[in-house]
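Here the structure comes first, spelled out in structure tokens, and everything after it is commentary.
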Amino acid sequence: MSEAEAKALVDLGRSVVERTIAGGADVAEVGVHSGSHLSVKARVGEAELVEEAGSRALGLRVMVGRRVASTYTSDLSDTGQRTLIEDALELARLSEPDEFAGPPDPSELSSESQWAELDTFDEGVSRISAEEALALALRGERAAFDFDPRITNSEGASFTRARGVSVLVTSGGFAGSDQGTYASVVINPIADDEDGKKRSGYHWSSSRHYADLEDSQAVGAEAARRTIAQLGAKKLPTQELPVVFDKDAARSILGLFAGCILGGAIWRRSSYLVDRVGTRVASELVDIVDDPLLPRAPGSRAFDGEGLLSRHNVIVEGGVLQTYLMDTYSARKLGLNSTCSASRSPAGGISTTTTNLILKANTQSRDQLIAETKHGLYVTGMMGFGFNAVTGDFSRGASGFLIQDGELSHPVSEVTISLNLDQLLQRIDAVADDLDHRTAIASPTFRVSSMTLAGA
């Protein structure tokens, strides 16, 4: 999107703010989003889906006194805007007052001169046609089939690209826009096991910039390798043993922790981390940061959903919890200060979010970490949703490989691993160096000294 188009959306936001204030609102905040996406999917050499669409939405959050309401529309005509404003004001007047409601102080708002250049937009992504995207997906799937004759089927190969611009304008004096692109390729082959079971694996790559995306044929070959590696998977007997989480499985664990550090979960007391700031919540090897200022990273942004300047937040340092992540509202509820962690939905509502949440890497390689593990389970995948955020209790189905004498042995499936998340993080006794930034929540491989495995 050109600068002129972004400016037009900012001007639209300013107009709606002015009209909303004139209509009787004490506070008006407008978010405008415009974007497009292309998704294609191929399966067994044939195109299965080609979908391309564009979208525009206008979200409005208003306050009349301490009464708050949010609404949105995809009708950006003058009539659509007028209806949106009238509905928002009516809803606000009908709502209950909230003593903690209110925008940030205008002195806290950021300005364009402060915003970091984060290189989140690549015009090359926008130029990928449906034909090119389908060809990339087909090449990736073909590479998976060519990797090994035991790859007999496929759940599909997909390619997605998206671009968008988001604008925020508030009656407090903030106006800004943020542009971004995204591209991804996913290959999902299937192999036949000796017992008649189907083994499905996958591999993927994603990036803000097309040039940073892994070649689709390489993705297909790696997806096939991972699928073939699962053949002959066995159960293990019930036992206590060290568990090594590969970086994708480790990311899933970090995602559970992410939901427990958000201000909304804390003031609602729906997190096991309530009142834990300043206490040990993980091993001394664990440092966790939320960093929205990483160039080209998926969660990067120059300002948050309320217009506050994005900042690097240290969440856990040496295993000790340093802070929760908060927007203005949750900070007021907790008697603290915002960590500039607000997210604004297309409908105008505000909540707390992570940006690029990262468990920092150590210096040893993944292979070294495995070699130091005499006996254990190497987890590459987890199933189910067995986590209670209030208590921290964790139990999920897992698959991966048995570790014997420091080497990956036979594949493992149909087992369950369990341990309270608080204890799990505190039992991390090794962290590898294989961190990457394909996703907004990212972790290197790490090892937990002991967990309960329920199997045969």
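Structure above, values below:
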{"item": "FRET E, pair Asp433, Asp193, Förster distance 41 Å, beta-carbon r, rounded to 0.05", "result": "0.75"}
{"item": "Dipole moment magnitude, nearest 20 debye, the chain about Cα centre, only Lys, Arg, Asp, Glu C-beta charged", "result": "820"}
{"item": "Cα-based reach from Lys360 at 24 Å (exclusive), listing lysines while leaving out same-chain residues under 8 positions away", "result": "Lys247"}
{"item": "For the chain, with +1 on Lys and Arg beta carbons and -1 on Asp and Glu, the positive-most of Leu38, Gly140, Val186 along the dipole", "result": "Val186"}
{"item": "For the range 88-153, convex hull of alpha carbons as volume per residue, Å³", "result": "331"}
{"item": "Summed residue charge, Cβ within 15 Å of Leu94's Cβ, Lys/Arg positive, Asp/Glu negative", "result": "-2"}
{"item": "Label-point gap, in nm, between Ala22 and Glu372 - each point 7 angstrom along Cα→Cβ", "result": "6.7"}
{"item": "Stretchable slack from Ala8 to Thr363, in nm (0.36 nm times residue separation minus alpha-carbon distance)", "result": "123.0 nm"}
{"item": "Under 14 Å from the Ala211 label point (7 Å along Cα→beta-carbon), backbone N, the range 105-139", "result": "119-125"}
{"item": "Contour minus Cα-Cα distance for Ala347 and Thr152 (0.36 nm per residue)", "result": "65.7 nm"}
{"item": "Relative exposure of Tyr324, Tyr329, Tyr272, judged by other C-beta atoms within 10 Å (fewest first)", "result": "Tyr272, Tyr329, Tyr324"}
{"item": "The range 3-227, dipole about Cα centre (Lys/Arg Cβ +1, Asp/Glu Cβ -1), debye to the nearest 20", "result": "320"}
{"item": "Neighbour-count ranking [beta-carbon atoms within 10 angstrom, fewest first] of Cys340, Cys260", "result": "Cys260, Cys340"}
{"item": "Whole-angstrom gap from the range 296-342 to the range 344-406, using each part's C-alpha centre", "result": "22"}
{"item": "Kirkwood-Stokes translational diffusion coefficient of the range 1-111, alpha-carbon pairs, 20 °C, 1.002 mPa s, µm²/s", "result": "133"}
{"item": "Shape call, the range 274-355: gyration tensor on alpha carbons, a/c limit 1.5", "result": "oblate"}
{"item": "Label-to-label distance, nm, for residues given as Ser418 and Glu51 (7 Å Cα→Cβ offset)", "result": "3.7"}
{"item": "Quotient of C-alpha Rg and 2.2 N^0.38 Å, computed over the range 315-456", "result": "1.25"}
{"item": "Neighbour cut-off at most 15 other Cβ (10 Å), DSSP loop, GluC sites (Glu not before Pro), the range 135-220", "result": "Glu194"}
{"item": "MRE, 222 nm, helices only [DSSP H, n ≥ 4, -39500 (n - 2.57), over the chain, to nearest 500]", "result": "-7500 deg cm²/dmol"}
{"item": "Sequence of Lys360, Lys374 once ranked by neighbouring C-beta atoms within 10 Å, starting from the fewest", "result": "Lys374, Lys360"}
{"item": "Inter-centroid distance (Cα atoms) of the range 25-42 relative to the range 168-216, Å", "result": "19"}
{"item": "Using a Förster distance of 45 Å, the FRET efficiency for Val44-Thr238 (Cβ separation, nearest 0.05)", "result": "0.70"}
{"item": "For the chain, alpha-carbon Rg relative to the globular expectation (2.2 N^0.38 Å, N residues)", "result": "1.07"}
{"item": "Residue (of Ala440, Leu231, Leu377) at the positive-pole extreme of the chain, dipole from beta-carbon charges", "result": "Leu377"}
{"item": "Stretch gain in nm, segment Ser409-Glu99, where the contour uses 0.36 nm per residue and the Cα spacing is subtracted", "result": "105.7 nm"}
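Each value in this text was obtained by applying a stated rule to the coordinates, not by laboratory testing. Here the structure is a predicted model, which means the values were calculated and not measured. Glycine gets a Cβ as well: all are built from the backbone with ideal geometry, and neighbour counts include every protein chain shown.
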